[in-house]
Each structure stands twice: as C-alpha cells, then as structure tokens.
Amino acid sequence: MATPPRVVLDTNLVLSALVFSHGRLGPLRRAWQAGLCIPLVSAVTAADLLRVLQYPKFKLTPSEREDFLSDYLPYCRAVAIPARLPRMAQSRDPFDQPFLELATVGRADFLVSGDRDLLAMAPNFKRPIVNAAAFLERLASN
C-alpha cells in the first residue's frame with residue numbers, strides 16, 4: 001500500500017471542509033479522517049486556523065471551535081519551522097508565506113489551495129501546488 005501523501009492545506013480549505021462538511025470540500029475532510037492524506041501543520045498555520053474559526057460571521061461557540069480543531073489537528077503531523085529557512089519562492093502575500101514554508105520544510109507532496117496567488121506560483125515552486133478539485137481527483141485515482 002502506498003504511503004498517503006503529505007499535504008499542506010490552506011486555512012480556507014480546512015475551514016470550509018470543517019464548517020461545511022456536506023459541501024464541496026466534505027470529501028477533503030473525509031480523506032484526512034480516513035488516512036488517505038496526512039495534513040501538515042506548523043505553529044503559524046494552526047494559529048491561523050484558530051484565528052479564522054473565531055470570526056464572528058461563523059457564530060461558533062468555543063465548544064464548536066474545539067470540536068472542529070479536534071476533528072482536524074489529531075490527523076495532522078506537526079512540522080517545526082526552523083529560524084533559518086531553505087531558499088524558496090516568495091509569495092507577494094505575506095499571509096501565504098507560512099504555507100510555502102510548511103510545504104518546503106515538511107516536504108509536502110502537495111500544497112492544496114484555492115488562493116489564486118499561491119496557485120499562480122505553481123510553475124516556480126519545488127512542491128506541486130494544486131486546487132482542491134485536482135487533489136481530490138488525484139486521491140480518487142489512487
């Protein structure tokens with residue numbers, strides 16, 4: 001059996017998969033739950049998810065936020081980001097940079113994102129950057 005791919009999922013994809021579990025990204029949530037992929041997280045990307053889960057527009061109680069985190073973080077592999085980073089492409093959006101760093105340091109098989117700036121970097125980045133639909137297709141074909 002092949003090793004599940006190590007993936008960096010951007011915050012918006014994780015949020016959508018958690019909050020809207022019956023939506024178009026529900027299969028992504030089920031994929032990490034079934035061990036079909038191994039999400040990678042760093043301290044910065046986990047903090048970003050926690051921050052976004054607290055947005056008032058989602059009207060999530062502290063208990064609901066904890067439930068969502070417990071439905072994601074236990075499936076993840078934590079990656080420590082060193083102070084001295086290897087050379088890599090730089091995003092024009094500083095909020096995207098932690099995901100590029102995580103993909104590089106964590107040796108991700110894929111960086112999965114819906115962010116146009118990140119997707120545009122795909123030709124110049126050492127790790128594959130794909131959208132959620134392409135990633136889910138890839139998982140389904142294996």
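At a glance:
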| read-out | value |
| --- | --- |
| Residue check, V79 closer than 20 Å to R29 by Cβ and out of contact with any Pro (no Cβ under 9 Å at 6 or more places or on another chain) | no |
| Filter result for the condition that a residue is surrounded by 14 or more Cβ atoms within 10 Å (Cβ to Cβ), hydrophobic (A, V, I, L, M, F, W, C) and in a helix (DSSP H, G or I), over L102, L111 | L102 |
| Which listed residue, of R77, R29, R84, is under 26 Å from T104 (Cβ atoms) and over 15 Å from the mean Cα position of the chain (by Cα) | R84 |
| Among the candidates L49, L119, L53, residue that is closer than 12 Å to D10 by Cα and either in contact (Cβ under 8 Å) with a residue 24 or more places away in the chain or of a type in the set (F, W, Y) (or both) | L49 |
| Criterion violated by R30 - all others in (1) closer than 22 Å to S141 by Cα; (2) touching a residue at least 12 places away in the same chain (Cβ under 8 Å); (3) outside any loop (DSSP other than H, G, I, E, B); (4) not aliphatic (A, V, I, L, M) satisfied | (2) |
| Top-ranked residue of segment 1-25 - restricted to ones that are over 14 Å from the mean Cα position of the chain (by Cα) and either among the polar types (S, T, N, Q) or part of a helix (DSSP H, G or I) (or both), ranked as surrounded by the fewest Cβ atoms within 10 Å (Cβ to Cβ) | T3 |
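Coordinate-derived values only; no laboratory data. Values in this document were obtained by computation on a predicted structure and should not be read as measured data. We place every Cβ from the backbone using ideal geometry, glycine too, and count neighbours over all the protein chains shown.
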